[in-house]
Amino acid sequence: MKKLYRKMAELLQNKESFAVATIFDQTGSAPRTAGAKMVVRSDGSIIGSVGGGRLEADARKLAREVLASGKLLLQPFDLAGRDAAEMDMICGGQGEILIDFISAADKYNVQIYEAAAACMERREKAWLITAFHNGRDNMGEMRQQCLVKRDGSLVGKFAGDADFLAKLVTGPAKISIHAEVLDEQRLVVEPIRQAGTVYIFGAGHVSQKIAPLSESVGFNTIVLDDRTDYANRARFPEVAEVRVIPDFQGCVPGLSVDEDSYLVIVTRGHLHDKTVLEQALRTRAGYIGMIGSRTKRDKIYQALREAGFNAGDLARVYSPIGLKIEAETPEELAVSIVGELIKVRAEQENAKGK
């Protein structure tokens, strides 16, 4: 998503207008593709995806209409059978897709999407607000858009309820839609935020299974190892980044670790695991997980206590790593680990939304 917002900003800087399709849930049983975006350019080429299949084909067709009219469209969809399965949808694949016209002639669009891209790159939380008339006959009239940053500042121009916009800075990072009956407007609220960065320490066979799964559920995934024959694109083609480090000693301080970071320690040996864990405990990471048996864990914990760490520090660690599903194979371990990452991410987002 970070690259997509940067590309949209670049298109606008180059004076190129485009249409952008965004999926959001209508029924409350959110599809996995909620929040997916696809840019459609005037030449018909696309950037990003809304899941493929019939819905994506329909979205491209509608985007051509939007590019011609300059007005947005809000289209309900109800996929079934094979179409729903291809889209990873549930409850019959019901939802809505918003196809918006982003004009390069509007100076505010340039400012909004440049700011959105910058927020993504700096991993700062923000919300993209799109307001439009609720009537089908005049869809797109009174359209306005702005970006609300975490500090409450606004990029763009928005004539609306300031109190409502201010409340967004305490809300969860979930796409939502609001109906404003009095002025017949609808507001689409989209979080502009990375869904967390997973740092995988170790590029062995378990990491090979974790990385693509982590990436597929929205994490920005980075793999680190000191072995070039393990840490390479041939073994990890899907992830955001693969880093070859000199060694595991001192590998964490140089990373951009914060509350939205998930540290997965799966190196090739106990000593390396201890080395990484000792560094990880000095960060503000939202998740720290270490693979291994309880016996191995307890030995490492004892060494860390002797190094000055206390029970509160060690309580932050998920070890043995992963949900308790009796996982044995690398594939099963990957499922249990990524499942735990998803669970922790959801819990943290819910806590922030309270």
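Is there any pair linking a residue in the stretch 152-179 that is closer than 15 Å to residue 125 by Cβ and open to solvent by 70 Å² or more (accessible area, probe 1.4 Å) to one that is modelled with pLDDT of 70 or more and not aliphatic (A, V, I, L, M), with Cβ under 9 Å and at least six apart or on different chains, and which?
So the pair list comes out as 154/146; 174/35; 174/191; 174/349.
Restricting to the stretch 203-258, give me the number of residues that are assigned to a loop (DSSP other than H, G, I, E, B) and either on the phi > 0 side of the Ramachandran plot or out of contact with any Ser or Thr (no Cβ under 6 Å at 6 or more places or on another chain) (or both). Give the steps one after another, and end with the answer.
Our first condition is that a residue be assigned to a loop (DSSP other than H, G, I, E, B); within the stretch 203-258, this holds for 203-204, 217-219, 226-240, 245-258.
Filter once more, so that each one left must be either on the phi > 0 side of the Ramachandran plot or out of contact with any Ser or Thr (no Cβ under 6 Å at 6 or more places or on another chain) (or both): 203-204, 217-219, 226-238, 245-247, 250-256, 258.
The total comes to 29.
Listed here are the residues, each with its yes/no results for (1) over 30 Å from residue 307 (Cβ atoms); (2) of a type in the set (A, V, I, L, M); (3) modelled with pLDDT of 95 or more; (4) under 23 Å from the mean Cα position of the chain (by Cα).
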{"site": "186", "(1), (2), (3), (4)": "yes, no, no, no"}
{"site": "196", "(1), (2), (3), (4)": "no, no, no, yes"}
{"site": "207", "(1), (2), (3), (4)": "no, no, yes, yes"}
{"site": "217", "(1), (2), (3), (4)": "yes, yes, no, yes"}
{"site": "257", "(1), (2), (3), (4)": "no, yes, no, yes"}
{"site": "261", "(1), (2), (3), (4)": "no, no, no, yes"}
{"site": "273", "(1), (2), (3), (4)": "no, no, yes, no"}
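Here is a list of conditions, (1) hydroxyl-bearing (Ser, Thr, Tyr); (2) out of contact with any helix residue (DSSP H, G or I) (no Cβ under 6 Å at 6 or more places or on another chain); (3) not in a loop (DSSP other than H, G, I, E, B), and residue 283 meets all of them except one; can you say which number that is?
(3)
Does residue 256 satisfy the criteria of being open to solvent by 30 Å² or more (accessible area, probe 1.4 Å), touching a residue at least 60 places away in the same chain (Cβ under 8 Å) and polar (S, T, N, Q)?
Values: open to solvent by 30 Å² or more (accessible area, probe 1.4 Å): yes; touching a residue at least 60 places away in the same chain (Cβ under 8 Å): yes; polar (S, T, N, Q): yes.
Taking the combined requirement at face value, the residue satisfies it.
Restricting to the stretch 308-335, and then to whatever is part of a helix (DSSP H, G or I) and within 18 Å of residue 286 (Cβ to Cβ), can you tell me which residue is least open to solvent (accessible area, probe 1.4 Å)?
So, considering only residues that are part of a helix (DSSP H, G or I) and within 18 Å of residue 286 (Cβ to Cβ), the one least open to solvent (accessible area, probe 1.4 Å) is 314.
Restricting the search to the stretch 324-354, which residues are among the hydrophobic types (A, V, I, L, M, F, W, C) and either in contact with a Leu (Cβ under 9 Å, 6 or more places away or on another chain) or more than 17 Å from residue 200 (Cβ to Cβ) (or both)?
If the condition is that a residue be among the hydrophobic types (A, V, I, L, M, F, W, C) and either in contact with a Leu (Cβ under 9 Å, 6 or more places away or on another chain) or more than 17 Å from residue 200 (Cβ to Cβ) (or both), then 325, 327, 334, 335, 337, 338, 346, 351 are the ones that fit.
Which number in (1) at pLDDT 70 or above; (2) among the hydroxyl-bearing types (Ser, Thr, Tyr); (3) more than 21 Å from residue 114 (Cβ to Cβ) marks the one condition that residue 27 misses?
(1)
The values are calculated or read from the model by the stated rules, or taken from the named source; none is laboratory data. Model, not experiment: these values are computed from the prediction. So basically every Cβ, Gly included, is an ideal-geometry build from the backbone, and we count neighbours across all protein chains shown. Protein only, heavy atoms only, side chains kept; ligands, DNA and RNA dropped before computing areas. Shrake-Rupley method; radii C 1.70, N 1.55, O 1.52, S 1.80 Å.
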